[in-house]
Amino acid sequence: MGAFELMSQYDYGAVHLRRDRATGLQAIVAIHDRRLGPALGGCRFISYANEEAALTDALRLARGMTYKAALAGIAHGGGKSVIMLPQRQFDRAALFRAFGRFIDDLNGQYITAEDSGTGLGDMEVIRTVTKHVTGVDVSHGGSGDPSPFTALGVRRGIEACVKFALGKDSLKGIHVAVQGVGHVGYYLCKELAAAGASLTVADVDPLKAERAQREFGAKTVNLDAIYSVECDVFAPCALGSALNADTIPKLRCKIVAGAANNQLAVPENGNDLLSRGILYAPDYAINAGGLVNVAQEVVGYDANISRTRTMKIYDTIFEIAERAKRTSSPTHRVADAMVEEILATVPVSTSTPPQKA
Ligand code: NAD
């Protein structure tokens, strides 16, 4: 598919491209929507089969960021960047400096951060050429690892679901099956265990599952068995598409609420969960804690403010559940509708000139 066809499919006004011969940089900055503020979103640095795949990824991810930020009440629009992994030898620092200059030329329309394939070191390089970067070192006003904040938000979302679906004010005695105990899954287990929940976990890395067993008394099961654990909450915290036509019939939970992005393989899977009487906490609504934390870095980092804002994910998830019940709609559609309502209150075109920072 051509670039303009893709832009029209994802409803974009502008996409920015940069090629730098000296460093081998080939980068795309996709800015989906700036009605709520400058676009904020990570930079992905991975190998793509072709340009179409890279552009599609950027467009899809940036749109997701618009939705996540809007629902989290953050004054940012959605953006994302991808750098195509060069197919030749390259100087990583030079490449990220060139990328930083690209960001700087956008005059603050887009603020970057870490994503798959990029890390703190890359953000520190970008920082030398532009101020429009987050995820830098704590010594430079950075916010550090976002995972504990993401986990806090997920715990709050689980509490809202438990209150709504089970009528309970506490997680004491609530059984949660956690799929993937990496960065977020580990901190989520910590939060849940401290609140008195019991845990069953699975991870492709047995050392990570054993750590959860050792530290939080979690039961471990194999990768397939995690779907059919009889529990109150299934928390997908590994990869995307965990909820699909094969896995949904296996679920024996009342609630699905976890950190993973893009949990529904296709949107219709949200309807399948509703038909099975399972309350689903939409992924981008419940996993926004890390974004809330990084957004705080833009205005001056304060962990207490990040924490207070992340705690509000409880209210968002509860409202989604209430609206869904009232309208007999699947929760993922309700969340989308809430975002559309928020964006409709600030009718500014996506092609407005850059805001001077
Ligand atoms: P991570 O890579 O640290 O952890 C993922 C874990 O899942 C790993 O331990 C991995 O071994 C395990 N895993 C992979 N496939 C699995 C499978 N089939 N079954 C069980 N375990 C499996 O990543 P993370 O940073 O913890 O992120 C987890 C998810 O949450 C991702 O989807 C990510 O996009 C999303 N997310 C993360 C953040 C954040 O702050 N890190 C924020 C928002 C969303």
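Work out the length of the dipole vector of the chain about its Cα centre, built from +1 on the beta-carbon of each Lys and Arg and -1 on the beta-carbon of each Asp and Glu, and round it to the nearest 20 debye.
Working: 38 positive and 38 negative charges, 86 e Å.
Rounded to the nearest 20 debye, it is 420 debye.
Among the DSSP beta bridges whose two residues both lie in the chain, what percent are antiparallel, rounded to the nearest 5?
Working: 12 of 39 bridges.
For the chain, the DSSP antiparallel bridge percentage is about 30.
Output the peptides 275-281, 321-327, 32-38, 78-84 sorted from most to least packed, where packing is the average of other Cβ atoms within 10 Å over each peptide's residues.
Values: 275-281: 19.3, 321-327: 15.3, 32-38: 22.1, 78-84: 27.0.
Highest mean packing first, the order is 78-84, 32-38, 275-281, 321-327.
Could you check which residue among Val221, Val176, Val154 shows the biggest mean-square fluctuation in a GNM of the chain with a 10 Å Cα cutoff?
Largest GNM mean-square fluctuation: Val221.
Can you give me the C-alpha center-to-center distance between the stretch 244-318 and the stretch 112-137, rounded to a whole angstrom?
26 Å
Using only Cα atoms, find the angle between the long axis of helix 313-327 and the longest principal axis of the chain, and express it within 0 to 90 degrees, rounded to the nearest 10.
Taking the Cα atoms of the chain, the angle to 313-327 is about 70 degrees.
Please get the size of the charge dipole for the stretch 147-336, origin at its Cα centre, with Cβ charges of +1 on Lys and Arg and -1 on Asp and Glu, quoted in debye to the nearest 20. Write down the numbers at each step before the final one.
On the way: 21 positive and 20 negative charges, 96 e Å.
Here the size comes out at about 460 debye.
Which lysines have a Cα less than 23 Å from the Cα of Lys190, not counting those fewer than 8 places away in the same chain?
Lys163, Lys168, Lys172, Lys208, Lys219, Lys254, Lys312
Tell me which aspartates and glutamates have Cα within less than 13 Å of Lys80's Cα, excluding those fewer than 8 residues away on the same chain?
Once the sequence-local aspartates and glutamates are set aside, what remains near Lys80 is Asp33, Asp57, Glu114, Asp115.
To the nearest 20 debye, what is the magnitude of the charge dipole of the stretch 50-111 about its Cα centre, counting +1 on the Cβ of each Lys and Arg and -1 on the Cβ of each Asp and Glu?
On the way: 8 positive and 6 negative charges, 35 e Å.
Result for the stretch 50-111 is approximately 160 debye, rounded to the nearest 20.
Can you give the alpha-carbon Rg of the chain over 2.2 N^0.38 Å, where N counts its residues? Spell out each step's value before the answer.
Numbers: Rg = 20.2 Å, N = 357, 2.2 N^0.38 = 20.5 Å.
Cα Rg divided by the expected 2.2 N^0.38 Å: 0.98.
Which whole-Hz ³J(HN,Hα) couplings does the stretch 51-64 yield from phi under the Karplus relation 6.51 cos²θ - 1.76 cosθ + 1.60, θ = phi - 60°, glycine and proline marked x?
With the stated coefficients, the stretch 51-64 comes to 5, 4, 5, 5, 5, 4, 4, 4, 5, 5, 5, 5, 4, x Hz.
Taking the dipole about the Cα centre of the chain, with the C-beta of Lys and Arg at +1 and of Asp and Glu at -1, give me whichever of Val292, Thr112, Leu273 is farthest to the positive side.
The Cα lying farthest towards the positive end belongs to Val292.
Can you give the alpha-carbon Rg of the stretch 200-249 over 2.2 N^0.38 Å, where N counts its residues?
Working: Rg = 11.2 Å, N = 50, 2.2 N^0.38 = 9.7 Å.
Relative to the 2.2 N^0.38 Å estimate, the stretch 200-249 comes out at 1.15.
Which of the trypsin sites (Lys or Arg not before Pro) found in the stretch 180-254 are loop residues per DSSP with 13 or fewer other Cβ atoms within 10 Å of their Cβ? Please report the intermediate quantities before stating the final value.
Working: sites: Lys190, Lys208, Arg211, Arg214, Lys219, Lys250, Arg252, Lys254; in loops: Lys254.
Here no loop site has a sparse enough neighbourhood.
A short reminder: the numbers here are calculations on the coordinates, not readings from a lab. The structure displayed is predicted, hence computed values, not measured ones. Here the Cβ is made from the backbone with ideal geometry for all residues, glycine too, and neighbour counts use every protein chain on show.
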